[in-house]
Amino acid sequence: MSIPKRILVPTDFSASADAALDYAKTLASALGASLHILFVLDDPLPGLKMPDHVCSIPAIRRQLELEAKEKLDKVLTPAERTAFQAELTAEWGNPHSKVVAFAKDHNIELIIMGTHGRGVIEHTLIGSVAERVVRHARCPVLTIPG
């Protein structure tokens, strides 16, 4: 097993994602690894087609993208971005699928992500992004309880 040099930290800007990022920064510092921060925008209006005079879907998407970029810009300081050779990315799609695809496409060697600790009923109904990533990722996944 080799020492990971490319670490992916998916974020939803929650406390558990922040805890995972803190852990990833500590580990990346110790290993000399780069950090890749990914936020997946889950389309709030999938497949919805409305006339622009009623609701401008592209405008809503642009606004959500701007908000995501603003939040991503705050997760690392400029010094941390340089030190970790950080890449900050926002993409549209299904969260667990995008995380797994991003890891594969960017030769990620370790994924570090938070867990939300949902209740049994909520977990049964909607599942867990972290659980799905663990099952489908081609690299090790370290989960940090939130």
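The values are calculated or read from the model by the stated rules, or taken from the named source; none is laboratory data. All values reported here derive from a predicted model rather than from experimental measurement. Neighbour counts are summed over all protein chains in view; Cβ atoms, including those assigned to glycine, are modelled from backbone coordinates with ideal geometry.
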* Can you run down the residue pairs with Cβ atoms below 6 Å, 6 or more apart or on separate chains, where the first is in the range 6-28 and touching a residue at least 24 places away in the same chain (Cβ under 8 Å) and within 10 Å of Ile112 (Cβ to Cβ) and the partner is part of a helix (DSSP H, G or I) and among the small types (Gly, Ala, Ser)? => Ile7/Ala24; Ile7/Ala28; Leu8/Ala103; Val9/Ala20; Val9/Ala24
* Structure fact -> Being exposed (fewer than 11 other Cβ atoms within 10 Å of the Cβ), at pLDDT 90 or above, of a type outside the set (Lys, Arg) and more than 18 Å from Pro140 (Cα to Cα) narrows Glu87, Glu70 down to just Glu70
* Structure fact -> Within the range 1-23, the count of residues that are outside any strand (DSSP E or B) and out of contact with any Leu (no Cβ under 6 Å at 6 or more places or on another chain) comes to 15
* Structure fact -> By residue number, the members of the range 92-146 that are in a loop (DSSP other than H, G, I, E, B), modelled with pLDDT under 95 and on the phi < 0 side of the Ramachandran plot are Asn94, His116, Arg118, Gly119, Ser128, Gly146
* To do: Within the range 13-30, count every residue that is aliphatic (A, V, I, L, M), loosely packed, with under 13 Cβ neighbours inside 10 Å and more than 25 Å from Leu41 (Cβ to Cβ).
  => 1
* Only residues that are over 14 Å from Leu21 (Cα atoms), outside any helix (DSSP H, G or I) and among the acidic types (Asp, Glu): list them for the range 56-91, please. => Glu91
